[in-house]
1. If ligands, DNA and RNA are left out, what is the accessible area of ASP276 with a 1.4 Å probe, given in Å² to the nearest 10?
2. Report for the chain the percent antiparallel among DSSP-assigned beta bridges with both residues inside it, nearest 5.
3. Anything over 20 Å Cα to Cα? Flag those among LYS29/LYS191; LYS6/LYS190; LYS235/LYS275; LYS29/LYS110; LYS8/LYS29; LYS31/LYS309, in the order listed.
4. Once both labels are modelled 7 Å past Cα along the beta-carbon direction, what's the HIS103-ASN128 spacing in nm?
5. For a quick check: with amide H placed at 1.01 Å from N, whose amide H comes under 5 Å from THR266's, ignoring anything fewer than 5 positions away on the same chain?
6. Suppose a student asked you for the relative contact order of segment 191-319, using Cα pairs under 8 Å spaced at least 6 residues apart; what percent would you report?
7. May I ask for the distance between the Cα centers of segment 251-323 and segment 136-157, given as a whole number of Å?
8. In nanometres, what is the gap between the two model label sites at SER209 and GLN164, each 7 Å from Cα along Cα-to-Cβ?
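The values are calculated or read from the model by the stated rules, or taken from the named source; none is laboratory data. All figures in this text were calculated on a predicted structure; none of them were measured in a lab. Backbone-built Cβ (ideal geometry, glycine too); neighbour counts: all protein chains shown. These area figures cover heavy atoms from the full protein model, side chains too; ligands, DNA and RNA do not enter into them. Shrake-Rupley method; radii C 1.70, N 1.55, O 1.52, S 1.80 Å.
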Amino acid sequence: MENERKIKILELFGGIGAPRKALENLGYKIKSIDYVEILPFAVQAYNSVFNNDYGVQNIVGWNLNPDILIHGSPCQDFSKNGRNNINTGRSILYEETLAIIDHKLPERPKVIIWENVPNLLSEGKKVNHRVHHNHYLTEMERMGYENYYAILDASQYGIPQARQRLYTVSIRKDVLNGRKFRFPEPVPLKKDIRYYLEKNPDSKLCTLSEAERNLFFYNDDGQLCVREATKQGYKVIQDMDVINVEFPGSTTRRGRVGHGVCKTLTTSPRQAIYKDGALRLLTPREHLRLMGFTDRDYNHMILSGIEAKQVSFLAGNSICIPVLEALYHSLEELDLLL
């Protein structure tokens, strides 16, 4: 049953619209009062999925009044896989979100959700990103919000992808009225990777490169193995194993294997599936499925002129929709989506 009241949402660093998609999947009518994304083909993909005509824009210098604000500022410099160089200026763009909330909205949103990588909580001698998260929490509290944060894994919310992300949920204290927000409980995974696989994938999109194929060999027992940084130097591959071959030159990340569950999709995902004695890469369509998007969304993106490789980039840069749906259910329990 559709909820009659339209929720006004504002998506900053909006990507391909996972927050909006999750609300629509739950039956909510959405009034997208703005969507801010600087990457042109991400905007093109968003418009193709939601039939909008948004243009490319930065988050600096404008003004609206949402119920919910969702932002996923760039994570490269917080990520373990990234450069860990906060001086690029990308990851501290969350400061622009704080400025918008503080100075540029007629009324502060009831709920603000920030999605980022777990490494934002790191606090070592060489790398201390937690100072930025603490600063964000302090500023949100100053503006009248109560903060909650947790690391949620997509594989515990219905998607066979081991994708851990830090979700920080800030709720205005006046609407909480003394109540407490609770993050959704994990649920058993009912459908493994095989449910998300294409039956007849395009060979041009799923063939391993020569360097990737060289990671694999057969041992004396005739078992397929992948070279990786273990004591014996390899791991035996079984049916329905998903092997991350994205980092073939790495001594620590080579051949990461998950059984029935893929590893975290990045913006350049190269993961192989071993099924029924055959080895191939996951396809861009499958990458999008593993973020909770539909084949209809994929078709709209391709028909709009977006390349398959760009779809994979956008999938890896998005937020996992079923995790957002679970978060929204927790907000529903407090009547915060009404």
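1. Only protein atoms counted, so the area is about 120 Å².
2. 65
3. Beyond 20 Å: LYS29/LYS191; LYS6/LYS190; LYS31/LYS309.
4. Computed distance between label sites HIS103 and ASN128 equals 2.7 nm.
5. none
6. Taking the mean separation of contacting Cα pairs over the length of segment 191-319, I get 22 percent.
7. 27
8. 2.8
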